[in-house]
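The values are calculated or read from the model by the stated rules, or taken from the named source; none is laboratory data. Not measured: the values here are computed from a predicted model. Cβ sites come from the backbone with ideal geometry, for glycine too, and all protein chains shown count toward neighbours.
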Amino acid sequence: MEVYLLTSAVILLASMVAGLAGFGAMIISVPLLAIFLDIKAVVPLTILASLSIHFLILIQLRSHFEFKKIQPLFIGALPGIFIGVALLKYTNKEILQLILGITLILFSVYSFIFQGKSFKIKEFWAYLFGFLSGYLGGAIGAGGPPVIVYTSLQSWSKDLIKVTLQGYFILAGIFVLFGHGLIGLINISVLKLYLFALPALAIGTYIGSRFYKATREEIYRKLSW
């Protein structure tokens with residue numbers, strides 16, 4: 001029971017952050033859950049939870065959704081997802097945890113150095129960012145950083161940034177989840193943890209979304225870094 005309660009607490013925190021920012025669920029939940037769960041159970045569990053969170057947010061912002069914004073990201077992500085899933089299957093958990101740690105450190109350093117700075121970036125770069133995101137999502141369940149970086153560099157409104165992230169994460173997450181199912185990572189234990197944490201997930205997403213509505217445009221753009 002202790003594991004179930006700890007999992008729910010982590011999912012609650014992660015869903016609050018995602019409800020506010022539109023991302024961050026996996027960045028927060030994967031390293032915390034990996035403290036007391038096997039990384040090969042953590043990855044599919046966080047994918048299931050994140051899919052649910054992003055679906056709820058997408059419903060709230062559906063009027064701002066533009067599929068053409070996520071299309072190049074998703075096309076780039078597809079080969080990366082299958083490479084990442086293969087890595088997850090055949091690599092030991094110590095190496096996967098090392099990749100996770102390096103990813104989080106690099107993203108933190110990038111955010112610290114380039115926060116608030118603007119760059120012009122062409123759309124074709126979306127394919128590369130999508131590939132990196134798909135690879136990381138398939139391997140360690142933390143595919144958010146590359147796509148977050150890409151969207152933060154666009155001159156989009158906060159609603160368009162947030163809903164684009166949701167659409168991408170849902171499409172990519174479905175394929176990642178399919179890959180995890182094929183290699184046998186989605187089992188009864190993972191599903192039980194997910195179902196037990198669903199109430200916490202719903203509450204956290206609602207709270208985060210309420211804060212998002214009260215967040216000004218310029219503040220949200222700082223959060224996206």
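With Leu171, Leu185, Leu191, Leu165 as the choices, which residue is closer than 29 Å to Phe131 by Cα, of a type in the set (A, V, I, L, M), assigned to a helix (DSSP H, G or I) and over 16 Å from the mean Cα position of the chain (by Cα)? Steps first, answer last, please.
Numbers: Leu171 fails: over 16 Å from the mean Cα position of the chain (by Cα); Leu185 fails: assigned to a helix (DSSP H, G or I); Leu165 fails: over 16 Å from the mean Cα position of the chain (by Cα).
Going through Leu171, Leu185, Leu191, Leu165 in turn, the sole match is Leu191.
So, Tyr127, is that one assigned to a helix (DSSP H, G or I), under 28 Å from Ala34 (Cα atoms), modelled with pLDDT of 80 or more and among the hydroxyl-bearing types (Ser, Thr, Tyr) or not? Criteria not met by Tyr127. Does the stretch 200-209 contain at least one residue that is touching a Gly at 6+ places or on another chain (Cβ under 8 Å), part of a helix (DSSP H, G or I) and aliphatic (A, V, I, L, M)? Scanning the stretch 200-209, I find at least one residue that is touching a Gly at 6+ places or on another chain (Cβ under 8 Å), part of a helix (DSSP H, G or I) and aliphatic (A, V, I, L, M), so the answer is yes.
If you check Leu32 against the conditions, is it in a helix (DSSP H, G or I), touching a helix residue (DSSP H, G or I) at 6+ places or on another chain (Cβ under 9 Å), without any contact (Cβ under 8 Å) to a residue 40 or more places away in the chain and not polar (S, T, N, Q)? Here the answer is yes, as Leu32 does meet what is asked. Val147: touching a Ser or Thr at 6+ places or on another chain (Cβ under 9 Å) and either among the hydroxyl-bearing types (Ser, Thr, Tyr) or under 24 Å from Gly19 (Cβ atoms) (or both), yes or no? When the stated conditions are applied, Val147 passes them. Screening the candidates Leu198, Leu171, Leu182 for the property of being farther than 15 Å from Leu56 by Cβ, out of contact with any Phe, Trp or Tyr (no Cβ under 6 Å at 6 or more places or on another chain) and not β-branched (Val, Ile, Thr) yields one hit, Leu182. Hey, can you tell me all the residues within the stretch 16-55 that are more than 25 Å from Ser152 (Cβ to Cβ) and either hydrophobic (A, V, I, L, M, F, W, C) or surrounded by 22 or more Cβ atoms within 10 Å (Cβ to Cβ) (or both)? Leu33, Ala34, Ile35, Phe36, Leu37, Ile39, Ala41, Val42, Pro44, Leu45, Leu48 - these are the residues of the stretch 16-55 that are more than 25 Å from Ser152 (Cβ to Cβ) and either hydrophobic (A, V, I, L, M, F, W, C) or surrounded by 22 or more Cβ atoms within 10 Å (Cβ to Cβ) (or both).
Taken residue by residue, the stretch 73-86 has at least one member that is over 22 Å from Lys213 (Cα atoms), small (Gly, Ala, Ser) and surrounded by fewer than 19 Cβ atoms within 10 Å (Cβ to Cβ). Residues that are surrounded by fewer than 24 Cβ atoms within 10 Å (Cβ to Cβ) and under 13 Å from the mean Cα position of the chain (by Cα) within the stretch 1-15 are absent altogether.
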